[in-house]
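Structure first, then comments.
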């Protein structure tokens, strides 16, 4: 009774959301700080009586607020139920039934290959550089592709790509195929290309309020692109679920969009903690990739990533391990509060010492 | 740059959500009464600080609360972002790439053919009876189909099918193909078959909190079925968007699931208003189909449905018109409060009198 495509596909595995034991939870890249005071006010001012009515299906006021933040007009912005949904609509709209495989970096957000399975899109993985950075110009030599997608900063490496490199890609890649840049982590030190969507009609930029606006629990994702791309995403939405954003999510999203000053300060704290933590971890003998995100990829020579993950979990700290050839030695560590990272460093010190003879 | 499938498809058109002028809004089958007091309490007790964390991706507590209401176990229930999303996942999971066309009643919820377009599923429309009722046993003579889907009560007719007729369908239709019964409107006098999912492993029942729990603004939909069907929907979700229900929607849904006494009373009021309105409209010379839903399909001889819709809109009342051969003469009228229906009846009287010489 189950469709063959569904039987064949391997779903995305979200990070653990532990129910019983209390962990220091550094495994799903959540922000350690609460949402803005404006979000609290929007919620306490929300009248539940309006819930009997359908929400605005096109989330106009929310899109307007988000557009204003980045200096674009509302019709260059699409809003969805978390950036995963936005990405899913984008894969359907721009890559389904295309003229060749979709290009992806070899290691990147692990949901992309799942979307490809869901829609039957062939994919081609392009290798990273030896230092695990990604050079988007590697896409240029692949003209028989239906488009390209990558995360900047990349996941799970955390390594960012400079705006200039993406501009070079846009200059050289076929202009009738979409290049999707997923900026889920860009507010932690990456270089956004959202300003380029007005001049590049095949550029789609995806962002989320889950990380840098501390609203993972609210499911708010956005795409920025030329009008025809946004109109396509609207049509895809209206062929799947006309009302993906509930009335409360829209109200909360508007409040969060307007609270940029609070969030900038909060993200500065996360970045400072990341730099301090990375230095300390390197001093303990860990390899830590240079990150522009709210997480780092770290490894300890002579310990497997699986061992690191398990040892830390036993010690009450949840990080994430990807059992994938090439990054198997690493664990991905979300940047928490200073206190949480100090607790982690203490355990890392013990693990590093353990290793000594 | 846009995929051919998207370019070819005609998206679903949600009912108007007017922004400027204030209408008596009887066009999108919203409940005229507010959500339960328990919903108000759940919202005011919700701590926005938890929004920094991802919600439970499988909405376990919500599924448990909904399961308890209908006397099933949690693993026979799937929860999604409104029943449209649940239906979309179901079409992908059970009908995509299937062994023949999907069977649908000729007139039914107009989103079904759009889902078919989205996933490339061929469909076959089965005629209604002359009185616009639907006999599900008509599906039995179509064995070379990949499954069947219908709404009960049907939309936009409002006419229900007896449980016994669905049992007869289940006995005679191939047991290795899914029969999807969409019970969006069942709480307004229909006969639910949700109790049959334990004994019929190819039955999937879909429900929503948008209508009978007055939560259209919250996006909460559910599917009930045997474990393998629910597991398939979970896998489809995890290949599209792992976290479709935000943390507030889950909390509100739990509160609404537990407020059945309030909602039963509220829906009794809607049904009483519907019966009173239908009698009065018939007395004015309108044809009103017998409805088990929170809307009725009505027509006035010698007036087109389009004229009825426009005249009522001019008079400040929004209803819905479907420009589709066979139901073009009708308008669909949502049942509002007694006062709203009295205001509508006054305008209908004027229209009926107008027609007189």
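The values are calculated or read from the model by the stated rules, or taken from the named source; none is laboratory data. Note that the coordinates shown come from a computational prediction; the quantities given were computed from them, not determined experimentally. Positions of Cβ are backbone-derived with ideal geometry, glycine not excepted, and every protein chain shown enters the neighbour counts.
Scan the stretch A:296-311 and tell me whether some residue there is more than 29 Å from residue A:37 (Cα to Cα), modelled with pLDDT of 95 or more and under 18 Å from the mean Cα position of the chain (by Cα). Yes; the residues of the stretch A:296-311 include at least one that is more than 29 Å from residue A:37 (Cα to Cα), modelled with pLDDT of 95 or more and under 18 Å from the mean Cα position of the chain (by Cα). When residue B:245 is tested against (1) at negative phi; (2) more than 14 Å from chain A (Cβ to nearest Cβ), only condition (2) is not met.
Whether a residue is under 24 Å from the mean Cα position of the chain (by Cα) and closer than 30 Å to residue B:64 by Cα was assessed, and residue B:264 passes this test. Please work out if residue A:171 is more than 22 Å from residue A:267 (Cβ to Cβ), out of contact with any helix residue (DSSP H, G or I) (no Cβ under 6 Å at 6 or more places or on another chain) and in contact (Cβ under 8 Å) with a residue 40 or more places away in the chain. Answer is no for this residue.
Figure legend. Inter-residue proximity from the stretch B:266-288: first residues without any contact (Cβ under 8 Å) to a residue 12 or more places away in the chain, second residues surrounded by fewer than 15 Cβ atoms within 10 Å (Cβ to Cβ), beta-carbon distance below 8 Å, spacing 6+ or different chains. Indicated pairs: B:288/B:282.
Only one entry in B:100, B:71 is out of contact with any helix residue (DSSP H, G or I) (no Cβ under 9 Å at 6 or more places or on another chain), surrounded by fewer than 19 Cβ atoms within 10 Å (Cβ to Cβ) and over 30 Å from residue A:26 (Cα atoms), namely B:100. The lone criterion from (1) assigned to a loop (DSSP other than H, G, I, E, B); (2) free of Cβ contacts under 8 Å to residues at least 60 places away in the same chain; (3) surrounded by 14 or more Cβ atoms within 10 Å (Cβ to Cβ) left unmet by residue A:336 is number (2). Residues of the stretch B:15-27 that are more than 9 Å from chain A (Cβ to nearest Cβ), touching a strand residue (DSSP E or B) at 6+ places or on another chain (Cβ under 6 Å) and outside any strand (DSSP E or B): B:23, B:26, B:27. Is it fair to say residue B:30 is at pLDDT 95 or above and within 24 Å of the chain's Cα centre (by Cα)? Spelling it out, residue B:30 is indeed at pLDDT 95 or above and within 24 Å of the chain's Cα centre (by Cα). Give the stretch A:1-14 a look and list any residue that's more than 8 Å from every other protein chain (Cβ to nearest Cβ) and either assigned to a helix (DSSP H, G or I) or modelled with pLDDT under 90 (or both), or say none. Hits for the stretch A:1-14 are A:7, A:8. Restricting attention to the stretch A:305-331, the residues being at negative phi and out of contact with any helix residue (DSSP H, G or I) (no Cβ under 9 Å at 6 or more places or on another chain) number 8. Just to be sure, is residue A:308 in contact with a strand residue (DSSP E or B) (Cβ under 6 Å, 6 or more places away or on another chain) and part of a helix (DSSP H, G or I)? Yes, satisfied.
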